[in-house]
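In what follows, a single structure is set out as structure tokens and then discussed.
The values are calculated or read from the model by the stated rules, or taken from the named source; none is laboratory data. From a predicted model like this one, the values you see are computed outputs, not experimental measurements. Cβ placement follows ideal geometry from the backbone for every residue including glycine, while neighbour counts extend to all protein chains displayed.
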Amino acid sequence: MFKVKLIESNTYYSQRVIYLILLFIQPLFAGLLVNYSIFPLWFFVLLLGSFMATVWASKNNQKKIAESTEKHYLELKSDSIVVKSRKGLIKEKYDIQDIDKLSLKKEYDLDNAESNWIQELKGNHLQNFLEFVNAAGNKRFNFVIESHYQLKQLQKIKNSWKNQDLIIEYI
């Protein structure tokens, strides 16, 4: 079984860009604050206020990122795709046999904005997703992979689906 946080808001990726910008600005202010003795008092107070504002903005941004991924989980099993609430209630369930075509990424990766920061700032966000077509139509799930263990579990599920002769398209 493979279980990950489901991304439910399109603002998730823009919030990650804001997170990276704040990640670079905070050390700048902190570095200037360390050298407080060479600045006039009014400039020091301005720097301190700016630093506190970036810390507050960073905290609120992290809260928004967490809110966009903490409501539901996606569980992938060899026989089904299930969306569950945080409390474990099943919201949606799709049997693998009912899926006409499944679209997967060729390569999935950890959701780590810091390591790919140049691509993130350019707007080339890492998107881990799963798409499928069934009788009801198209469905797409974006999700967050947080560990190497989850990557290995996803690979096991992909191999299981491949062995079931499911039509899989790699994007």
*Of the conditions (1) out of contact with any helix residue (DSSP H, G or I) (no Cβ under 9 Å at 6 or more places or on another chain); (2) acidic (D, E); (3) closer than 18 Å to H148 by Cα, D111 fails just one. Which one is it?*
(1)
*Those residues that are touching a His at 6+ places or on another chain (Cβ under 9 Å), modelled with pLDDT of 85 or more and not in a strand (DSSP E or B), I need them from the stretch 77-128; list them, please.*
R86
*Select from the stretch 65-107 the residues that are basic (K, R) and over 21 Å from the mean Cα position of the chain (by Cα) and write down the one among them that is nearest to W161 (Cα to Cα).*
K101
*Tell me which of these N138 doesn't satisfy, since it passes every other one: (1) in contact with a strand residue (DSSP E or B) (Cβ under 6 Å, 6 or more places away or on another chain); (2) loosely packed, with under 14 Cβ neighbours inside 10 Å; (3) in a strand (DSSP E or B).*
(1)
*Check I25, I38, I7 and return the single one that is of a type in the set (A, V, I, L, M) and either under 19 Å from H125 (Cβ atoms) or touching a Gly at 6+ places or on another chain (Cβ under 8 Å) (or both).*
I7
*Do we have any residue at all in the stretch 48-62 that's part of a loop (DSSP other than H, G, I, E, B) and either in contact with a Leu (Cβ under 8 Å, 6 or more places away or on another chain) or assigned by TED's automatic domain parsing to the domain that holds R16 (or both)?*
no
